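Participant: Please read through the structure below; I'll follow up with questions.
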Amino acid sequence: MKDAQRSLPLGLAIAALPIAGIYILGTAAVLAAVPAAQVSGLYGVMQAIAHVATAIHLPVLTTIAALLLTISCLASVGAWLGAVARIPFVAGIDRYLPDAFGRMHPRWHSPVAAILTQVSISAIFIVVGQGGIRR
């Protein structure tokens, strides 16, 4: 990145308004399709898509949207884990973590130890999060 001191704040300022607009318009679209009392915080987008698809007599759109949403979520998880795994990789290069974290796989050129560590920690959080707290 050239001139990060100038480019980064400018990029954030330019991106902030469209991002806020996308969230606001997306929320308004969901609330226009489904009454607010019936919208689920977890499934609201799919509820709106299913409601509109049924209203226009194309219920197959719900299946297509669900498939695309699933692919999007899986790709997001992959990107998140891959990006976050770079932190222990750099810490391994700088010798703050064991050398294995700073090594790249000879064939795939990826930080295997860092990625496997990140996946393991994430899996623990997923299992603990799904277990819930019983009182």
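Participant: Hey, what do the phi angles of segment 45-58 turn into as Karplus ³J(HN,Hα) couplings, whole Hz, using 6.51/-1.76/1.60 and θ = phi - 60°, x for Gly and Pro?
Facilitator: My calculation for segment 45-58 gives 5, 5, 4, 5, 5, 4, 4, 5, 4, 5, 5, 9, 6, 10 Hz in order.
Participant: Over segment 40-135, what is the mean sequence separation of C-alpha contacts under 8 Å (at least six apart), divided by residue count, expressed as relative contact order in percent? Provide the component values of the computation, followed by the final result.
Facilitator: On the way: 70 pairs, mean separation 15.2, N = 96.
Value for segment 40-135: 16 percent.
Participant: With the chain treated as a Gaussian network of Cα nodes joined by springs under 10 Å, which of P18, P98, P88 yields the largest mean-square fluctuation?
Facilitator: Maximum among the listed residues: P18.
Participant: Using the 10 angstrom Cβ neighbour count as an exposure proxy, how do M1, M104 rank, fewest first? Working shown, then result.
Facilitator: Details: M1 7, M104 14.
Least to most surrounded, the residues fall as M1, M104.
Participant: Taking amide H atoms as placed 1.01 Å from N in the peptide plane, list the residues 5 or more away in sequence, or in a different chain, whose amide H sits under 5 Å from that of V34.
Facilitator: none
Participant: Further question on the same structure: Among A79, M104, A33, which residue has its Cα positioned farthest towards the positive end of the charge dipole of the chain, with +1 placed on the Cβ of Lys and Arg, -1 on the Cβ of Asp and Glu, and the dipole taken about the Cα centre?
Facilitator: Among A79, M104, A33, the one farthest towards the positive end of the dipole of the chain is M104.
Participant: Treat every Asp and Glu Cβ in the chain as -1 and every Lys and Arg Cβ as +1, leave all other atoms uncharged, and give the resulting dipole magnitude about the Cα centre to the nearest 20 debye.
Facilitator: Numbers: 8 positive and 3 negative charges, 49 e Å.
For the chain, the charge dipole is close to 240 debye.
Participant: Here's something else I'd like to know. If each of R86 and T70 carries a label point 7 Å out from its Cα toward its Cβ, how far apart are those two points in nm?
Facilitator: With each label placed 7 Å out from Cα toward Cβ, I get 3.0 nm.
Participant: How large is the convex hull of the C-alpha atoms of the chain per residue, in Å³?
Facilitator: Details: hull volume 30.0 nm³, N = 135.
So the per-residue hull volume is 222 Å³.
Participant: Let's test the formula: R0 of 22 Å, r as the Cβ-Cβ distance of A16 and F125. What FRET efficiency results, to the nearest 0.05? Write down the numbers at each step before the final one.
Facilitator: Values: r = 29 Å, r/R0 = 1.34.
With R0 = 22 Å, the Cβ-Cβ based efficiency is 0.15.
Read-outs: derived from the displayed coordinates by stated rules, not from any lab. Note that the structure is predicted; figures quoted are calculated from it, not measured. Cβ sites come from the backbone with ideal geometry, for glycine too, and all protein chains shown count toward neighbours.
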